[in-house]
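Read through the structure below, which is laid out as structure tokens, and then see the notes.
Quick note: the coordinates plus some simple rules give every number you see, no bench work behind them. All figures in this text were calculated on a predicted structure; none of them were measured in a lab. Cβ: placed from backbone, ideal geometry, glycine included. Neighbour counts: every protein chain shown.
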Amino acid sequence: MSSETLLTVKNLEVTFNTPKGKVHAVRGVSFDLGRERLGIVGESGSGKSQTGRAILGLTAANGAITADKMQFRDVDLANLTPKQWRKVRGARISMIMQDPKYSLNPVMTIGDQIIEAYREHHKVNAKEARLRALEMLEAVKIRDPERVFNSYPHETSGGMGQRVMIAMMLIPDPELIIADEPTSALDVTVQLQVMAILDDLVRDRGMALIFISHDLQLISSFCDRVLVMYQGHVVEELRASELHNAKHPYTKGLLNCLPKMDGDHSDLPTLEREASWAEG
Amino acid sequence: MIEISKLNAWFDDNHVLKDVDISVPANGSFGLVGESGSGKSTVLRTVTGLVDDWEGTITVKGKKLGPKRDKDFYRLAQMVFQDPFGSLHPRHTIDRILTEPVNIHGLGNSDARVVEALTQVGLDNAFRFRYPHQLSGGQRQRVAIARALILEPKILLLDEPTSALDVSIQAEVLNLLGRLRRDLGLTYIMVSHDLAVVAHMCDDIAIMNHGRIVERATAEQLAEGTLEHPYSQQLYKAAGGYDRAVVDTFVDWD
Ligand SMILES: Nc1ncnc2c1ncn2[C@@H]1O[C@H](COP(=O)(O)OP(=O)(O)OP(=O)(O)O)[C@@H](O)[C@H]1O
Ligand SMILES: Nc1ncnc2c1ncn2[C@@H]1O[C@H](COP(=O)(O)OP(=O)(O)OP(=O)(O)O)[C@@H](O)[C@H]1O
Ligand SMILES: [Mg+2]
Ligand SMILES: [Mg+2]
């Protein structure tokens with residue numbers, strides 16, 4: 001990791017208005033991000049996705065964001081017009097969403113979708129765009145790019161669809177990718193292959209990556225640094241390789257819950273939540 | 001308790017199960033793992049009578065199964081489905097979801113049975129008149145298990161019972177399943193893509209690839225990592241987390 005900071009988030013709060021009252025989804029999250037792989041872990045509903053979406057200005061209409069600072073290089077993300085957002089979102093910062101299948105157009109071939117996306121960002125003729133699109137598919141390790149190019153999203157497996165999504169994200173050469181559970185619907189082996197692609201992008205293109213997942217083991221083996229979230233708070237921040245030395249009882253509790261392949265069949269420890277964790 | 005031999009199954013021209021043999025003793029727990037699309041769910045669905053085109057023999061508690069399952073079969077064996085959201089009727093209360101199978105089987109005494117089944121899965125009576133969307137993922141999965149238990153089956157066919165859940169809730173559901181097996185003497189076949197989950201829950205494990213069982217192992221062998229088939233070894237390495245060098249050795253199996 002280089003010491004250069006790409007993104008600074010200070011005291012981010014996301015609150016939703018609902019008929020049943022306010023939902024405080026993100027509570028005072030702060031972090032700096034360099035050219036590195038930052039993991040965000042935590043249980044369902046802890047605010048991982050909403051943290052990612054707030055950075056990209058994608059908070060739902062019933063939500064409100066406040067932050068002391070949200071700075072991405074030369075851009076103040078807290079004060080952008082819709083026109084300025086278009087220059088950042090999808091171009092300099094991309095997000096891979098939790099449900100890849102819904103993000104692809106079901107009635108258009110994969111090749112046509114990539115070409116369309118490519119030509120939005122690059123002034124090239126159709127032939128050139130087609131070549132680039134095939135290159136993109138190769139870059140995400142699709143072995144038979146011609147076949148995938150000509151197929152529709154429903155004709156591809158979950159793993160293929162996810163790789164296609166990543167190929168599309170790469171077109172504008174973003175500086176930061178936010179990947180929200182990009183692999184949880186996949187086979188373990190395909191999951192790791194997709195992560196290797198993201199890993200190479202960080203190394204080869206100097207990209208920064210925010211990797212959101214509830215899988216602690218995956219995050220600790222993949223990322224450089226980890227934020228652990230609980231009920232909207234970051235309760236602990238540590239180097240990924242130090243996750244097994246976590247101090248916070250919540251992080252420790254989550255690690256203990258995992259079944260192990262040690263042949264021990266006795267009951268797993270469960271998590272005893274404490275009210276004080278959410279006071280942060 | 002369950003003997004499956006030379007099971008083959010097709011969806012139109014797609015031959016999805018190829019000579020699958022599985023044997024589970026009473027009170028045993030058998031784990032099926034393998035890549036996505038390898039046929040794990042199809043094994044369970046064939047046993048419960050949800051697949052039409054199959055050949056081979058399936059014997060459950062000494063009785064050979066024909067093309068159709070009768071009511072007695074469903075009192076003996078129940079399936080818990082892969083998707084906890086899709087498998088509970090969204091506009092029925094938990095009470096109705098649990099009462100229905102009792103009435104279909106004419107068992108009577110449904111009130112006491114519902115309370116009993118909810119207690120078995122650790123949900124108190126307050127949940128009885130809620131709807132599925134008013135429950136957390138783990139609570140919904142408990143309801144799905146309660147619905148399977150309410151007919152007092154001896155066999156549970158569990159299709160990825162925890163893969164949609166958080167690790168902390170997964171631990172609660174796995175402990176629950178372990179306790180039910182001990183207390184009620186149940187027999188399980190459990191499908192998962194998570195090697196650690198089946199190693200923890202099962203005595204015997206089969207690894208599937210492309211409709212075939214490519215390797216069998218005991219939980220002890222898994223713990224030692226003594227797997228021989230290259231696909232099983234790949235699965236075993238993948239379960240160890242992310243390692244760039246290991247990923248480079250992976251082969252595509254499609
Ligand atoms: N539009 C909305 N209106 C009201 N509440 C919302 C809205 N979107 C999200 N929330 C709530 O915000 C909280 C945080 O949600 P978020 O999606 O960030 O969780 P998460 O950590 O990504 O969980 P998961 O692992 O399940 O994806 C949750 O309690 C969620 O119900
Ligand atoms: N109802 C169906 N109609 C046609 N084909 C089907 C049907 N159900 C499953 N298949 C096909 O049968 C094969 C085996 O599917 P199955 O659902 O048993 O796999 P699985 O091992 O459970 O995978 P996963 O881990 O993704 O749940 C796949 O190729 C699948 O596409
Ligand atoms: Mg999320
Ligand atoms: Mg399945």
What trypsin sites (Lys or Arg not before Pro) does the stretch A:201-280 have in DSSP loop regions with at most 13 other beta carbons within 10 Å?
-> A:LYS247, A:LYS260
Amide proton proximity set for B:ASP53, modelled H, under 5 Å, gap of 5+ = B:TRP10
Would you order B:THR57, B:THR218, B:THR99 from fewest to most other beta-carbon atoms within 10 Å of each residue's own beta-carbon?
-> B:THR57, B:THR218, B:THR99
Would you compute, for the Cα atoms of the stretch A:155-272, the largest minus smallest coordinate along each principal axis and list the three values in descending order, in whole Å?
-> 46, 31, 24
Ratio to report: Rg/Rh of the stretch B:126-217, with Cα atoms as the point set and Rh obtained by the Kirkwood method; give two decimals.
-> 1.00
Electrostatic dipole magnitude of the stretch A:180-276 [Cβ: Lys, Arg +1; Asp, Glu -1; Cα centre; debye, to 20] = 240
Only Cα pairs under 8 Å and at least 6 apart count here; give the relative contact order of chain A as a rounded whole percent.
-> 23
Residue-averaged beta-carbon neighbours from other chains (10 angstrom radius) around B:58-68 = 0
Averaging sequence separations of C-alpha pairs under 8 Å and six or more residues apart, then dividing by the length of chain B, give the relative contact order as a whole percent.
-> 26
Starting from the Cα gyration tensor of the stretch B:76-197, take the square roots of the eigenvalues, sort them a ≥ b ≥ c, and report rounded, prolate or oblate (rounded when a/c is under 1.5, otherwise prolate if a/b is larger than b/c, else oblate).
-> oblate
Most fluctuating residue given options B:GLU35, B:GLU160, B:GLU100, as computed from a GNM of chain B linking Cα atoms under 10 Å = B:GLU100
Within chain B, excluding any trypsin sites (Lys or Arg not before Pro) found in a DSSP loop (not H, G, I, E or B) and having at most 11 other Cβ atoms within 10 Å, the longest uninterrupted segment runs B:92-254
Summing +1 for each Lys or Arg and -1 for each Asp or Glu, what net charge is found among the other residues whose Cβ lies under 14 Å from the Cβ of A:THR81?
-> +3
Hey, could you get me the Stokes-Einstein D for the stretch B:52-101, Kirkwood radius over alpha-carbon pairs, 37 °C and 0.692 mPa s, rounded to whole µm² s⁻¹?
-> 242
Please identify, among A:ASP173, A:ASP76, A:ASP264, the residue showing maximal mean-square fluctuation in a Gaussian network model of chain A using a 10 angstrom Cα cutoff.
-> A:ASP264
Considering the convex hull of the alpha carbon atoms of the stretch B:80-126, report its projected area averaged over all viewing directions, in nm², one decimal.
-> 3.7
Enumerate the calculated ³J(HN,Hα) couplings along the stretch A:46-57 in order (Karplus 6.51 cos²θ - 1.76 cosθ + 1.60, θ = phi - 60°), each rounded to whole Hz, writing x wherever the residue is Gly or Pro.
-> 7, x, 4, 5, 5, 5, x, 5, 5, 4, 9, x
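Can you show me the helix-derived [θ] at 222 nm for chain A, built from DSSP H runs with n ≥ 4 at -39,500 (n - 2.57) apiece and divided by the number of residues, rounded to the nearest 500.
Value at 222 nm, helices only, nearest 500: -10000 deg cm²/dmol.
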Chain A: most fluctuating residue of A:ASN245, A:ASN150, A:ASN62 per GNM, C-alpha cutoff 10 Å | A:ASN62
Distance from the stretch A:197-230 to the stretch A:119-175 (C-alpha centre basis), Å = 23
Ratio Rg/Rh [Cα only; Rh per Kirkwood] for the stretch A:57-122 = 1.03
Cα extents of the protein assembly as shown along the principal axes, largest first, in whole Å, come to 72, 53, 44
The stretch A:123-186 - Rg and Dmax from Cα coordinates, angstrom | 12.4, 37
About its Cα centre, how strong a charge dipole does chain B have in debye, to the nearest 20, once Lys and Arg get +1 and Asp and Glu get -1 at the Cβ?
-> 1040
Let me know the charge dipole size of chain A about its Cα centre in debye, to the nearest 20, where only the beta-carbon of Lys, Arg (+1) and Asp, Glu (-1) is charged.
-> 900
The convex hull of the Cα atoms of the stretch B:2-248, divided by residue count, gives a volume in Å³ per residue of 135
Once the Cα gyration tensor of the stretch A:5-279 is found, what semi-axes does its equivalent ellipsoid get, as square roots of 5 times the eigenvalues, in whole Å, sorted largest first?
-> 32, 24, 17
Residue-wise, which Karplus ³J(HN,Hα) couplings in Hz belong to the stretch A:251-267, taking 6.51 cos²θ - 1.76 cosθ + 1.60, θ = phi - 60°, and x for glycine or proline?
-> 4, 4, x, 4, 5, 5, 5, 6, x, 10, 8, 9, x, 8, 9, 6, 4
Can you tell me the Rg and Dmax of the stretch A:238-280, counting just the alpha carbons, in angstroms?
-> 12.4, 38
Give a residue-ordered list of calculated ³J(HN,Hα) values for the stretch B:47-63 (Karplus: 6.51 cos²θ - 1.76 cosθ + 1.60, θ = phi - 60°; whole Hz; x for Gly, Pro).
-> 4, 7, x, 9, 10, 8, 9, 9, 9, x, 10, 10, 10, 10, 6, x, 10
Can you sort A:LYS87, A:LYS141 by how many other beta carbons sit within 10 Å, fewest first?
-> A:LYS87, A:LYS141
Here the relative contact order (percent) of the stretch B:106-209, from C-alpha pairs under 8 Å and at least 6 apart, is 24
Partner chain Cβ atoms within 10 Å, averaged over the residues of A:266-279 - can you pull that number for me?
-> 3
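Just add up the charged neighbours of A:GLN50: K/R +1, D/E -1, any other residue whose Cβ is under 12 Å from the Cβ of A:GLN50.
+1
Would you tell me the mean number of C-beta atoms belonging to other protein chains that fall within 10 Å of each C-beta in B:160-170, as a whole number?
5
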Order of B:MET201, A:MET70 from fewest to most other C-beta atoms within 10 Å?
-> A:MET70, B:MET201
